[in-house]
Structures are given as C-alpha cells and as structure tokens.
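A.B. asks: Would you mind keeping the following structure in view while I ask a few things?
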Amino acid sequence: MSEATISDLTDQFDKYSAEFMEETERGIALLAISMLDLVLTELIRNFLADVPSSGKLLDGFNAPLGTFASRVEAAHAFGLISDEEASDIHLMRKIRNEFAHSFGISFSDPAVKSRVDALQFSKAPHRRGDDETSDGSVARNRFSHVAILLNIRLISRAKLITRLTVQHWFFYPESVQPPKRPKSLRRGEKP
C-alpha cells in the first residue's frame, strides 16, 4: 500500500472518529461498517497485482468483490484478516443490516445484543460498572470499541502488505512447440 493511501485512510479514520461517537445508534452501526468497507477495499486493492483486472474485481457494476460481504470473504481467503476478524466483521455486518432495514431498533434489542456479545473483541474482561443496562449502552460501547479497534488494526496492517506480482510463466519457444497433428488426424478433415 502506498504511503499516500495509508495517509488517506488515516485522514478518513480521523474524520470517522470525530463523527462516530456523536452519532445515533443507527448512525454508529452504519458508519462503522462504512469505514470497515473502505479499509477492506483498500487492503485488497493494494494486495492484488497492479493490473487493470484488479480494479475490475472491486469497482463497477457487478464487480465480483463489489459487496462488503464478498470483500470480507476475499480478505479472509487472501490471508489479510484472521478467522476471528472475519467472524467479527460478519457479525458487525449483520448488526448494520438490522439497523439499515428495521425501524425502531437499538442496541438494547435482544438480537442485536446477542450479536454484540458474540464479537471476539468483546470477550475481554469488562470494567466494573459495565453491567448491561436496559438502554443498551454497554452493547453500543462494545460495538463501538470493536469497530474502532478493527479499523485501527487494519489500517496499521496496510503498512505490512506486500503486493502480488504478475508471474512470467514459461511458454514454449517456437523451436520447442508441441508437434502438430498429421493432416489425417485433424478434426473436420477427411483422411
């Protein structure tokens, strides 16, 4: 990943951080995934070989890696994110979908709270006074904490990525081409 791109991601994260904690619960869920999507896209883009087909995988109509879920799967398959990170990101994606497609939802809803509780980063010991409240503030804080940590981790990891290179595979030189079939054995011709 080029330094300019890392700098761009860092600038984006600074803007995201400033806005993030001021958001509504819906805004937090949507903004968290928006930033993770941006970071994953850049991780993948800067891992793939620098050829036109790499961009076509990520951008444009019907791009194979054009959805957030497909980018998570690709980043995991390429070894750019761990099993636990992939699991957490998928859980966060499902939480985001709950907020994006439902009305009146909050972090106090049992379906959302159970997904937040399943996040790997939320397994860390909780501070005294972090008992769950009826307003879902602890679940909101855990979700926010995981979102921020994942973004920081992945932006930092961007500095360690090595771009794939196009391999120059061996081809037969003309003098070593496989022998041609005799005319009598070619398809469509009668002997």
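A.B. asks: Just one of V51, V72 is closer than 22 Å to I161 by Cα and loosely packed, with under 14 Cβ neighbours inside 10 Å; which is it?
C.D. replies: Details: V72 fails: loosely packed, with under 14 Cβ neighbours inside 10 Å.
Just one listed residue meets the conditions, V51.
A.B. asks: Can you pull out the residues in the stretch 137-186 that are of a type in the set (F, W, Y) and at pLDDT 80 or above?
C.D. replies: Step one: of the stretch 137-186, the residues of a type in the set (F, W, Y) are 143, 169-172.
F143, the sole residue that qualifies.
A.B. asks: Quick check, is L57 in a helix (DSSP H, G or I) and in contact with a helix residue (DSSP H, G or I) (Cβ under 9 Å, 6 or more places away or on another chain)?
C.D. replies: On the way: in a helix (DSSP H, G or I): yes; in contact with a helix residue (DSSP H, G or I) (Cβ under 9 Å, 6 or more places away or on another chain): yes.
For L57, the condition - in a helix (DSSP H, G or I) and in contact with a helix residue (DSSP H, G or I) (Cβ under 9 Å, 6 or more places away or on another chain) - is met.
A.B. asks: Only one of D37, D50 is modelled with pLDDT of 90 or more and assigned to a loop (DSSP other than H, G, I, E, B); which?
C.D. replies: Numbers: D37 fails: assigned to a loop (DSSP other than H, G, I, E, B).
Of D37, D50, the one residue that is modelled with pLDDT of 90 or more and assigned to a loop (DSSP other than H, G, I, E, B) is D50.
A.B. asks: Could you list all residues from the stretch 77-108 that are assigned to a loop (DSSP other than H, G, I, E, B) and closer than 16 Å to G27 by Cα? Give the steps one after another, and end with the answer.
C.D. replies: Initial filter on the stretch 77-108 (assigned to a loop (DSSP other than H, G, I, E, B)): 78-82, 102-108.
Passing the criteria: S102, F103, G104, I105, S106, F107, S108.
A.B. asks: Out of curiosity, is A74 in contact (Cβ under 8 Å) with a residue 24 or more places away in the chain, more than 30 Å from V138 (Cβ to Cβ) and out of contact with any Gly (no Cβ under 9 Å at 6 or more places or on another chain)? Don't jump to the end; show me each part of the working.
C.D. replies: Details: in contact (Cβ under 8 Å) with a residue 24 or more places away in the chain: yes; more than 30 Å from V138 (Cβ to Cβ): yes; out of contact with any Gly (no Cβ under 9 Å at 6 or more places or on another chain): yes.
Considered against the rule, which asks whether it is in contact (Cβ under 8 Å) with a residue 24 or more places away in the chain, more than 30 Å from V138 (Cβ to Cβ) and out of contact with any Gly (no Cβ under 9 Å at 6 or more places or on another chain), A74 comes out as yes.
A.B. asks: Can you work out which of the residues in the stretch 14-28 that are modelled with pLDDT of 80 or more and among the hydrophobic types (A, V, I, L, M, F, W, C) is nearest to the chain's Cα centre (by Cα)?
C.D. replies: Taking the candidates together, the pick is I28.
A.B. asks: List the number of the failed condition for S2; all other conditions in (1) closer than 27 Å to Q167 by Cα; (2) modelled with pLDDT of 95 or more; (3) surrounded by fewer than 16 Cβ atoms within 10 Å (Cβ to Cβ) hold.
C.D. replies: (2)
The values are calculated or read from the model by the stated rules, or taken from the named source; none is laboratory data. The model shown is predicted, which means the values in this text are computed figures rather than measured ones. Cβ: placed from backbone, ideal geometry, glycine included. Neighbour counts: every protein chain shown.
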